[in-house]
Amino acid sequence: MTQTFNHVNYLWDEAKAAECGEDQIKQFLYRSNILGADLRITNYGGGNTSVKTMEIDPLSGQQEEVMWVKGSGGDIGTLTRKGIAGLYTKKLHALKNVYRGLEHEDEMVALFQHCLHDLNSAAPSIDTPLHGLLPFTHIDHFTSRCFDCHRCK
């Protein structure tokens, strides 16, 4: 069933989504690309998306939750596997132990590197803590354009 909207296009394609199978990262990339495809609702380079999956820690052999998030400076409309960062959620939560307040937030960005699961990750985006600390598996947010609603004229 296709939905009709007044200001945006319905871009979800069940066949393309099915091609992702059970691969949560492929599903996350497909979702991201659709959200960023319509520049009427998502600015180029704006917004961020993430997914949390269970992965094997290569050192312990144990299952750990890993958050995959758009990398810094990336565009969700053209996002690929090379443009995301994979970070241990537990380590992101541990950053609360060293957070010294708003005036020291830039220090936190450097500490993201200590949270990496995927050593081939893109640089994590500035929205990494928001996505990591929220309890949701899938998070999509975007920087939108204003629709021509005539309120500003």
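Couple of notes before you dig in:
- Residue 99 long-range amide H proximity, modeled H, under 5 Å: none
- Restricting the chymotrypsin sites (Phe, Trp or Tyr not before Pro) of segment 15-76 to loop positions (DSSP other than H, G, I, E, B) with no more than 16 neighbouring Cβ atoms within 10 Å leaves 44.
- Long-range amide H partners of residue 84 with built H, under 5 Å: 71, 122
- Tensor-based shape of the chain (alpha-carbon gyration tensor, a/c under 1.5 rounded, otherwise prolate or oblate): oblate
- ³J(HN,Hα), Karplus 6.51/-1.76/1.60, whole Hz, each residue of segment 88-97, x for Gly, Pro: 5, 4, 4, 5, 4, 5, 5, 4, 4, 6
- Degrees, to the nearest 10: 24-37 long Cα axis against longest axis of the chain: 40 degrees
- Environment charge at residue 18 (Cβ cut-off 14 Å; Lys +1, Arg +1, Asp -1, Glu -1): -2
- Extension gain, residue 62 to residue 105: 0.36 nm times the residue separation minus the Cα-Cα distance gives 12.4 nm.
- Relative packing of 131-141, 69-79, 15-25, which averages over residues the other C-beta atoms within 10 Å, highest first: 69-79, 131-141, 15-25
Taken together, the values in this text are just the output of simple stated rules run on the coordinates, not laboratory data. This is a predicted model, so every value here is computed, not measured. Backbone-built Cβ (ideal geometry, glycine too); neighbour counts: all protein chains shown.
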